[in-house]
Amino acid sequence: MGNYIPARDDQGRQLPPTSDIPTGQTLTPSNPIITAATPPEDKLPDNFKPFDHLQKVYIPQHNALVKKYFSDHPEDWKPNVATARSSLRVACTMLDDDNEAIMNLRHHLLFDLLGYGKKDLGVFYGIPAEQFQESVVGRPQVFLYFTQDSASIPEGEIKVKAEYSFRLMNETPATMTPSKALAIAKEVKSQFVLNGQGIVFTKGKNIYKYYHEEHGYRLQIYGNTETDTQDIITRLLKCQNIPYDENRLVVSIPKKASITNPTETELVYGAKKKKPRYRPIVNVRFRYAYLYLRGKDRPIYLVDTTGRHYQALA
């Protein structure tokens, strides 16, 4: 056994042993005193202005997204209103002297009206579902997207949407070409765009099913009347020059009435909220159509009435 060397303090003085060497018995309990450091004072400056701070943080982040959305513009683009897209970019771009109302409008224009917040949903939403029969898997699919006009949305409610699709059963990703896509785009535009605006369809509580799978149709539409719904189905069929067959239509009419603007309330997490709507009777307008092809990372936009998808074919 080696020689025991007593511990010493910082000045070299020998410290008393804390235990007996032969037995290991504790002689002097060690009770270190630990003093937590006082945290630095953390407070806002006396002249702190919350809105000015928010602007300094938010505006650069927002404008970076604006630049990304308008990536078709050259790097040296200067603010101008010479074209429709330049005008939109000017309207979306936040400035240091904007007040709260203008900031909110610019945010609403970019994220809600132009749809930046949903810019990538088209890649995933509506991708061929497992319940489709094996014979249609991989066939190109055309989607048509409808939304409610912003001015018609009741206060406190969200925008009603609809999306319908059909398959191109005579095509595959290998046989589909830009010229064929353009031809489909022109047919969709002729059926769903009138005087530069998308046509309007009235949604409702009734369910209308129209299956014609050998031609690529498996439609389930919430409509208000059979006449209106038949018109939409007929237009979808005409995109491939297929006649409407009334024997294929199956109608389900629930006993419960539509609730478009609920007045009754319910308690939700300690607060009163309006009860949810039930299959409301709402007009939705055609906005755009896109083609989904297996193997392509992004959808191919065929028609666009919003100005958001500037690369649309027709």
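Compute the signed sum of charges (Lys and Arg +1, Asp and Glu -1) over the other residues within less than 14 Å, Cβ to Cβ, of Phe51.
On the way: positive: Lys49, Lys56; negative: Asp52, Asp96, Asp97, Asp98, Glu100.
Residues close to Phe51 contribute a combined charge of -3.
Taking every protein chain into account, the 1.4 Å probe leaves Cys239 with about 10 Å² of accessible area, to the nearest ten. Beyond 21 Å in Cα-Cα separation lie the following of the pairs Lys180/Lys209; Lys209/Lys255; Lys209/Lys296; Lys189/Lys296: Lys180/Lys209; Lys209/Lys296; Lys189/Lys296.
Once a ≥ b ≥ c are taken as the square roots of the eigenvalues of the Cα gyration tensor of segment 179-221, is the result rounded (a/c under 1.5), prolate (a/b larger than b/c) or oblate (a/b not larger than b/c)? In terms of gyration-tensor shape, oblate.
Of the trypsin sites (Lys or Arg not before Pro) in segment 249-314, which ones lie in a loop per DSSP and count no more than 11 other C-beta atoms within 10 Å?
On the way: sites: Lys255, Lys256, Lys272, Lys273, Lys274, Arg277, Arg285, Arg287, Arg294, Lys296, Arg308; in loops: Lys255, Lys256, Arg277, Arg294, Lys296, Arg308.
Counting only loop positions with at most 11 other Cβ atoms within 10 Å, the trypsin sites (Lys or Arg not before Pro) in segment 249-314 are Lys255, Lys256.
What's the local net charge at Thr305, with K and R +1, D and E -1, over the other residues with C-beta under 13 Å away? The partial results should precede the final answer.
Numbers: positive: Lys189, Arg285, Arg287, Arg308; negative: Asp149, Asp304.
That sum, taken over residues with Cβ under 13 Å, equals +2.
I want the local charge near Lys67. Using Cβ-Cβ distances under 10 Å, sum +1 for each Lys or Arg and -1 for each Asp or Glu among the other residues. Around Lys67, the charge tally is +1.
Assuming a ≥ b ≥ c are the square roots of the Cα gyration tensor eigenvalues, decide whether segment 159-207 counts as rounded (a/c under 1.5), prolate (otherwise, with a/b larger than b/c) or oblate.
oblate
Can you sort His215, His53 by solvent-accessible area, 1.4 Å probe, largest first? If you can, show how the numbers build up before the last one.
Details: His215 75, His53 95 Å².
Greatest to least solvent exposure: His53, His215.
The charge dipole of segment 193-314, taken about its Cα centre with unit charges on the Cβ of Lys, Arg, Asp and Glu (plus for the first two, minus for the last two), comes to roughly 640 debye.
Would you please name the GluC sites (Glu not before Pro) within segment 244-314 that are DSSP coil residues with at most 11 other C-beta atoms within 10 Å of their C-beta?
Numbers: sites: Glu246, Glu264, Glu266; in loops: Glu264.
Here the sparse-neighbourhood loop sites are Glu264.
For the pair Asp46 and Ala183 in one chain, pulling the backbone fully straight at 0.36 nm per residue adds 42.8 nm over the alpha carbon distance. All C-alpha pair distances within segment 154-311, sorted into 5 Å bins from zero, spread as 1, 8, 15, 18, 17, 15, 11, 7, 5, 3, 1, 0 percent across the bins. For Arg139, no residue whose modelled amide H falls within less than 5 Å of its own remains once neighbours fewer than 5 places apart on the same chain are excluded. Within the full protein context, the accessible area of Lys205 is estimated at about 40 Å² for a probe radius of 1.4 Å.
Accessible area per residue for segment 199-249 is 48 Å², calculated with a 1.4 Å probe on protein heavy atoms, without ligands, DNA or RNA.
Among the listed pairs Lys161/Lys273; Lys49/Lys161; Lys56/Lys275, which have their C-alpha atoms separated by more than 28 angstrom in this model? Write down the numbers at each step before the final one.
On the way: Lys161/Lys273 22 Å; Lys49/Lys161 40 Å; Lys56/Lys275 39 Å.
Over 28 Å Cα-Cα: Lys49/Lys161; Lys56/Lys275.
In segment 241-314, what is the volume of the convex hull around the alpha carbon atoms, normalised per residue and reported in Å³? If you can, show how the numbers build up before the last one.
Details: hull volume 18.1 nm³, N = 74.
Here the figure is 244 Å³ per residue.
Take the Cβ-Cβ distance between Lys68 and Asn99 as r, set R0 to 30 Å, and report the resulting FRET efficiency rounded to the nearest 0.05. The calculated FRET efficiency here is 0.75.
Give a quick list of chymotrypsin sites (Phe, Trp or Tyr not before Pro) in segment 247-314 that DSSP marks as loop, anything other than H, G, I, E or B, with at most 11 other Cβ atoms within 10 Å.
Tyr269
Once the chain from Glu226 to Lys256 is taken as fully extended at 0.36 nm per residue, the excess over their C-alpha distance is 9.1 nm. Ranking Tyr222, Tyr208, Tyr145 by solvent-accessible area of protein heavy atoms (1.4 Å probe, all protein chains present), from largest to smallest, gives Tyr222, Tyr145, Tyr208.
The values are calculated or read from the model by the stated rules, or taken from the named source; none is laboratory data. Just so it is clear, the structure is predicted and the values come from calculations on it, not from any experiment. Neighbour counts are summed over all protein chains in view; Cβ atoms, including those assigned to glycine, are modelled from backbone coordinates with ideal geometry. Please note that ligands, DNA and RNA were not included when accessible areas were found on the heavy atoms of the full protein model with its side chains. Shrake-Rupley method; radii C 1.70, N 1.55, O 1.52, S 1.80 Å.
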